[in-house]
Amino acid sequence: MVRRTSFESASCPIARTLDTVGDWWSLLIVRDAFDGASRFSQFQKSLAVSKGILTVRLRELIARGVLRTTPASDGSAYEEYVLTERGRALFPVLVALRQWGEDHCFGPNEPHSVLIDNSTGQPIAPLQVRSATGREVSFADTTVKKVIKTAVAKKPSHTRRRTRRLQAPNSRTQSH
């Protein structure tokens with residue numbers, strides 16, 4: 001199995017976010033949690049994913065603070081998976097993905113699920129990116145201010161060699 005690259009120390013917020021919830025199973029689990037799923041069996045039925053993959057993804061989301069477990073609300077021996085504050089903060093991310101998908105992944109008049117505002121019964125308005133003053137901005141109005149990373153000093157290689165000689169002297173060092 002190919003080992004996944006970790007971006008947990010990247011200076012880019014997008015890379016770190018993807019390190020936390022970047023595979024499709026994780027985002028679909030979070031989506032289902034927003035839709036009310038809380039039991040392993042509910043996630044498995046909705047996603048039609050293997051138990052092994054689901055187990056790994058749930059553990060990872062718990063370890064990363066997106067979900068937590070709690071005793072089952074019905075008093076049974078089962079646990080339920082609940083979004084944490086960090087997990088609930090992913091709501092705008094999922095709305096943005098949903099709205100992008102509505103605009104770019106469906107044909108004209110092709111049916112799809114719709115996110116509804118409970119207080120009005122109307123679909124959610126398109127998300128807008130705004131400046132600190134409230135002005136709507138597009139990608140052309142923004143610039144990423146990159147962080148310049150400084151190199152971490154490496155341990156001198158002669159220290160490692162000297163340590164090795166002390167542990168396993170060769171014939172030249174013994175003759176001197």
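The values are calculated or read from the model by the stated rules, or taken from the named source; none is laboratory data. Source: prediction; values computed, not measured. All Cβ positions, glycine included, derive from the backbone under ideal geometry; neighbour counts span all protein chains shown. Ligands, DNA and RNA are stripped out before the accessible areas are found, and what is left, the full protein with its side chains, is counted by its heavy atoms. Shrake-Rupley method; radii C 1.70, N 1.55, O 1.52, S 1.80 Å.
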Problem - Residue in segment 56-89 that is nearest to GLU8 (Cα to Cα), counting only those that are polar (S, T, N, Q) and either open to solvent by less than 90 Å² (accessible area, probe 1.4 Å) or within 16 Å of the chain's Cα centre (by Cα) (or both) - result: THR84
Problem - Close pairs from segment 62-86: first farther than 25 Å from THR20 by Cα, partner open to solvent by less than 50 Å² (accessible area, probe 1.4 Å), Cβ under 6 Å, at least 6 apart - result: ALA72/GLU80; TYR78/ALA72
Problem - Odd one out for VAL137, checked against (1) within 24 Å of the chain's Cα centre (by Cα); (2) under 25 Å from SER11 (Cβ atoms) - result: (1)
Problem - Of the criteria (1) open to solvent by less than 100 Å² (accessible area, probe 1.4 Å); (2) modelled with pLDDT under 95; (3) under 23 Å from the mean Cα position of the chain (by Cα); (4) closer than 29 Å to ALA10 by Cβ, which one PRO156 fails - result: (3)
Practice task
Those residues that are touching a helix residue (DSSP H, G or I) at 6+ places or on another chain (Cβ under 7 Å) and among the small types (Gly, Ala, Ser), I need them from segment 47-101; list them, please.
Solution key: GLY65, GLY87
Practice task
Output the number of the condition that VAL114 fails; it satisfies all remaining conditions of (1) exposed (fewer than 12 other Cβ atoms within 10 Å of the Cβ); (2) modelled with pLDDT of 95 or more; (3) under 24 Å from ARG39 (Cα atoms); (4) in contact with a strand residue (DSSP E or B) (Cβ under 8 Å, 6 or more places away or on another chain).
Solution key: (2)
Exercise for the section: Have a look at ALA151, ALA132 and point out the one that is at pLDDT below 95, loosely packed, with under 10 Cβ neighbours inside 10 Å and of a type in the set (Gly, Ala, Ser). Expected result: ALA151
Practice task
Tell me which residues, restricted to segment 135-148, are closer than 17 Å to ALA96 by Cβ, at pLDDT 95 or above and open to solvent by 100 Å² or more (accessible area, probe 1.4 Å).
Solution key: GLU136
Problem - Any hit, segment 79-86, residues being modelled with pLDDT under 95 and not charged (D, E, K, R) - result: no
Exercise for the section: Would you please name the residue that is modelled with the lowest pLDDT, looking only at residues in segment 1-55 that are β-branched (Val, Ile, Thr) and loosely packed, with under 13 Cβ neighbours inside 10 Å? Expected result: VAL2
Problem - In segment 1-55, residue farthest from the chain's Cα centre (by Cα) [restricted to those that are basic (Lys, Arg) and more than 30 Å from LYS145 (Cα to Cα)] - result: LYS45
Problem - Evaluation of LEU97 against (1) touching a residue at least 40 places away in the same chain (Cβ under 8 Å); (2) exposed (fewer than 12 other Cβ atoms within 10 Å of the Cβ); (3) among the hydrophobic types (A, V, I, L, M, F, W, C) (one fails), failing number - result: (2)
